[in-house]
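Data first, discussion second: the structure below is written as structure tokens.
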């Protein structure tokens, strides 16, 4: 089997935009009670997932890319995503405002990514935990990260409806959606 090819900035930009459209569509359909419902202890509600996407847009992806483009081999700061989520208090915020904030940031990010040149993809910085990160690495992780959190939003909804499925749960035995992965689970340390 052939190795997948790397994404061009144009393709990455389309995937970032597609994630925004997916989040918008899903949030438009999710009932209000499911938006702030936590599938388990220490697991994020949909509001908090959206707040995390806002923070990663600024701190993790577009922010780091801008920092790399503006400086030679900058130090890329680590941040504690769980603490930032607690400090944001997104459960009590209006979902329309959170979505508007994310949409505005994402549209700027899509423009940033579309404008990247081949030479800029190899520019990089040093992250204290993972080491050297190139712009290209961040683009690919960004696409991957988006899909993790789109799945998390959908898993929250699955977990929300699970108790109401009655005997239909038997169709999904072994697929109980009682918890959803967070970035902390995926990264192993809860920091990005």
So is residue 10 touching a residue at least 24 places away in the same chain (Cβ under 8 Å), within 19 Å of residue 141 (Cβ to Cβ), more than 18 Å from the chain's Cα centre (by Cα) and not in a loop (DSSP other than H, G, I, E, B) or not? yes
Does residue 144 count as in a helix (DSSP H, G or I), loosely packed, with under 13 Cβ neighbours inside 10 Å and modelled with pLDDT of 95 or more? yes
Is there any pair linking a residue in the range 128-140 that is in contact (Cβ under 8 Å) with a residue 60 or more places away in the chain to one that is crowded, with 16+ Cβ neighbours inside 10 Å and in a helix (DSSP H, G or I), with Cβ under 6 Å and at least six apart or on different chains, and which? 135/65; 135/68; 135/121; 136/121; 138/61; 138/64; 138/65; 139/12
Restricting to helices (runs of 4 or more DSSP H) lying wholly in the range 32-131: which have 1 or more residues that are in contact with a helix residue (DSSP H, G or I) (Cβ under 6 Å, 6 or more places away or on another chain) and over 30 Å from residue 6 (Cβ atoms)? 32-35, 46-55, 81-88, 95-114
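Tally time: how many residues in the range 68-84 are free of Cβ contacts under 8 Å to residues at least 60 places away in the same chain and over 20 Å from residue 104 (Cβ atoms)? Reasoning before the result, please.
First pass over the range 68-84, keeping only residues free of Cβ contacts under 8 Å to residues at least 60 places away in the same chain: 70-77, 83-84.
With the extra rule that they be over 20 Å from residue 104 (Cβ atoms), the set shrinks to 70-77, 83.
So the answer is 9.
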Examine the range 113-132 for a residue that is under 17 Å from the mean Cα position of the chain (by Cα), surrounded by 12 or more Cβ atoms within 10 Å (Cβ to Cβ), within 14 Å of residue 56 (Cα to Cα) and at pLDDT 95 or above, and state whether such a residue exists. no
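The values are calculated or read from the model by the stated rules, or taken from the named source; none is laboratory data. Because the structure is a prediction, the values reported are computed rather than measured. Quick reminder, even Gly has a Cβ in these numbers, built from the backbone with ideal geometry, and neighbours come from all protein chains shown.
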